[in-house]
Amino acid sequence: MERQEESCIYKTPDAPVEARVQDLLSRMTLPEKIGQMTQIERRVTTHAVITESFIGSVTSGGGSWPFEDAKPSDWADMIDGYQNAALATRLGIPIIYGIDAVHGNNNVYGAIIFPHNIGLGATRDADLIRRIGVATALEVRAIGASWTFAPCVAVLRDPRWGRSYESYSEDHEITCELTKLVSGLQGEPPKEHPSGYPFLGGRNNVVACAKHFVGDGGTDKGINEGNTTVSYEELERIHLAPYLKCIAQGVSTVMASYSSWNGSKLHSDYFLLTEVLKQKLGFKGFVISDWEAVDRLTKPKGLNFRNSLKISINAGLDMVMVPFKYERFIEDLTSLVESGEVTMARIDDAVERILRVKFVAGLFEHPLTDRSLLDTVGCKEHRELGREAVRKSLVLLKNGKNVNKPFLPLDRNPKRILVTGTHVDDLGYQCGGWTKAWFGLSGRITIGTTLLDAIKATVGDKTEVIFEKTPSEETLASSEGFSYAIVAVGEAPYAETRGDNSEHIIPFNGSDIVTAVAERIQTLMILFSGRPMVLEPKVLEKTEALIAAWLPGSEGQGMADVIFGDYDFEGMLPVSWFKRVEQLPLNADADLYDPLFPIGFGLKLNSSGN
Ligand code: GLC
């Protein structure tokens, strides 16, 4: 086919976006339109596939890097290569590269890892979260990507859910306030910007994605990808509310949820995806599926894929995260259009939305990586921001057995201290899931500061710091020699269904480790977890102080900042802390509300007791 003349409207940067969209759409063939609706994973992506199938988007699944410990410039080389293949097509429509930068650009070695959302929920600091969005956008753009699948705005109604840590809170009003990540990532739209229309401030911003639409945090028993059984009134009041805030900020994309509402799978629900999101709420960006979600409309997965595709595209999906079997996707969708089971009008609506976001995102003018941003990845300013977020996220649950004798802040110049527990010196555990790998890892997985590093950097030179991952009998026997102990325990990393849990017992015998030390030495316990866990009476009784640290990420120095008193604690529980799992679900609006610690609880250094 002939190359397009240079003067066409869609290639005119200052032409109105809608004119560019319509001009380009009018020139596109069906294969080019379906290509735009296709998102593939980098592991099946070649330059030829992009050029020959007119692919509109490429993504990295959790942990899918160019190679282990690839530098940001290696990422940029990979993504620019894909982009040049897209620009070589007849119409030269750029791809949009999407990635799960959900707490910093967490796939990338050396990127800042911010606290996961539940810890940010404890800060109640919307502007801090906006600033985290600004920093994250830079570290995403630096590698050549221009889209992150964040924020997750799930309202967490049951901490048995494996994705609890991806939620800001059980309270929809707190969640609504903290959707400011959208303005950080995309830029703050001007007051006159029409609600629902995609917005992007400039080349240092990225396209955001509000997920998972809708009700993902409200499933029965917290079962991941399960069923949310609520009235439409409650769905709207609790789970839809954060989307109104995101849409008002010009969020450019929304990801549909794997879960169901009253038995209707979201990916097949025309009422919610089209009538509510697009028509009632006026969302003008595009809806992307979740990973392989069209396949998962049936059990076994992928059964009669063509039928599932028909249902989900007609329900309102605009782009499909295929992510591997793109030939089957393209073939089936082409067949559906040719048979009239999916109308060209539906295809045009989807492609218009995708093109609109790409024009707004400036991808036609600036398709390749701005390499001047490479140095922002892991930069000092972002690490300071991470440190601020960590110290604001910690929640002080107990401070001194004796009401009038607070235990914290700790003495910085003690003679000898014991620092022990599975989570004291493990950066991977500190960061949790969606870090370096989909399910997270253990060990020194990236650049950062562990709790042990932070303690050593804070106490005086004369202090003897004894570190043991598990306290030995010998050490415990010499307990009188210790001024105090810091014991860090918690969950190992997980993501999604792997995190579903109805026991909430601290793993690795965490409670026993804490008790064994606290019986002999005055002890501060720090719990690293993606949600509230069972705190046994012996733990509550024997410890002097107790901190919920959530999953703080790479900047562990922020923990020392409050433990040793340079800053006061600010964190407040974003979720109710149950006494027993049998109480779950336990939310503040329940008739019988009897938590161990209520939502909003959090001590300050000058307050004591528990
Ligand atoms: C995952 C998650 C979603 C993520 C997507 C791409 O299964 O549900 O949150 O953005 O796939 O990794």
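The values are calculated or read from the model by the stated rules, or taken from the named source; none is laboratory data. Please read these numbers as outputs of a predicted model, since none were measured by experiment. Glycine gets a Cβ as well: all are built from the backbone with ideal geometry, and neighbour counts include every protein chain shown. For accessibility, only protein heavy atoms count, side chains too; no ligands or nucleic acids. Shrake-Rupley method; radii C 1.70, N 1.55, O 1.52, S 1.80 Å.
Compactness check for segment 394-583: Cα Rg over 2.2 N^0.38 Å is 0.97. Taking the 1.4 Å solvent-accessible surface of the chain as the whole, the part contributed by carbon and sulfur is 52%.
Take peptides 17-29, 589-601, 206-218, 54-66 and line them up by average Cβ neighbours within 10 Å, highest first, as a rough protection proxy.
Top of the packing list down: 206-218, 54-66, 17-29, 589-601.
For helix 126-141, report the angle its Cα long axis makes with the longest principal axis of the Cα atoms of the chain; keep it between 0 and 90° and round to the nearest 10°. Helix 126-141 sits roughly 60 degrees off the main axis of the chain. Heavy-atom accessible surface of segment 29-169, averaged per residue, reaches 20 Å², computed with a 1.4 Å probe.
Database remark: amide H of residue 467 closer than 5 angstrom to the amide H of 419 (H placed geometrically; neighbours at sequence offset of 5 or more, or on other chains; Pro and chain starts carry no H).
For segment 2-376, the normalised intensity computed at q = 0.06, 0.15 Å⁻¹ comes to -0.20, -1.40 (log10 of I(q)/I(0), Debye sum over alpha carbons, equal scatterers, no solvent). Using the structure shown, list the pairs from 221/604; 469/542; 358/436 with a Cα-Cα distance above 26 Å, or answer none. From the list (221/604; 469/542; 358/436), the Cα-Cα distance tops 26 Å for 221/604; 358/436. Proximity of backbone amide H atoms, modeled 1.01 Å from N, is registered between residue 224 and 162 at under 5 Å, excluding neighbours fewer than 5 places apart on the same chain.
Per residue, segment 394-583 exposes 35 Å² of accessible surface when a 1.4 Å probe is rolled over the protein heavy atoms with every protein chain present.
Only helices enter this figure: runs of n ≥ 4 DSSP H residues, each worth -39500 (n - 2.57), summed and divided by the residues of the chain, yield -8500 deg cm²/dmol at 222 nm to the nearest 500. Taken one residue at a time, the phi angles of segment 489-499 give Karplus couplings (6.51, -1.76, 1.60, θ = phi - 60°) of 9, x, 8, 7, x, 7, 8, 6, 4, 4, x Hz. Gly and Pro are set to x. Amide H contacts under 5 Å for residue 230: 262, restricted to partners 5 or more places along the chain or on a different chain, H placed in the peptide plane at 1.01 Å from N. Angle between the Cα long axis of helix 17-27 and the longest principal axis of the chain, 0 to 90 degrees, nearest 10? Orientation of helix 17-27: about 50 degrees from the principal axis.
Checking every one of the GluC sites (Glu not before Pro) in segment 153-199 against DSSP loop status and a limit of 16 other Cβ atoms within 10 Å picks out 192.
Only Cα pairs under 8 Å and 6+ residues apart enter the sum, and on that basis the relative contact order of the chain stands at 17 percent. Approximating the spin labels as points 7 Å out from Cα along Cα→Cβ, the residue 370-to-residue 271 distance works out to 4.4 nm.
Note the full-extension length gain between residue 338 and residue 90 as 0.36 nm times their separation in residues minus their Cα-Cα distance, in nm to one decimal.
87.0 nm
Couplings 3J(HN,Hα) of segment 207-220, computed from phi: 5, 9, 9, 6, 8, 9, 6, 9, x, 4, x, x, 6, 4 Hz, in residue order, whole Hz [Karplus 6.51 cos²θ - 1.76 cosθ + 1.60, θ = phi - 60°; x for Gly and Pro]. The Kirkwood hydrodynamic radius of segment 493-587, based on inverse pair distances between different Cα atoms, is 14.9 Å.
Modelled spin-label separation between residue 29 and residue 583, with each label point placed 7 Å from Cα along the Cα-to-Cβ direction: 6.4 nm. A full extension of the chain between residue 402 and residue 71 corresponds to an added length of 114.1 nm, given 0.36 nm per residue minus the alpha carbon distance. The angle between the Cα long axis of helix 72-87 and the longest principal axis of the Cα atoms of the chain comes to about 20 degrees, rounded to the nearest 10. Projecting the Cα atoms of 432, 193, 569 onto the charge dipole of the chain (Cβ charges, centred on the Cα centre) puts 569 farthest toward the positive pole.
Karplus-derived 3J(HN,Hα) values for segment 463-476, using 6.51 cos²θ - 1.76 cosθ + 1.60 with θ = phi - 60°, are 6, 8, 9, 9, 10, 9, 4, 10, x, 7, 4, 4, 5, 5 Hz; glycine and proline are entered as x. Dividing the mean sequence gap of close Cα pairs (under 8 Å, 6+ apart) by how many residues segment 1-150 holds gives a relative contact order of 21 percent. Placing dummy labels 7 Å off each Cα toward the beta-carbon, the span from residue 467 to residue 480 is 2.9 nm. On the beta carbon distance between residue 234 and residue 505, with R0 = 45 Å, the FRET formula returns roughly 0.90. Shown here for segment 304-410: trypsin sites (Lys or Arg not before Pro) in loop regions (DSSP other than H, G, I, E, B) with at most 13 other Cβ atoms within 10 Å, of which there are none.
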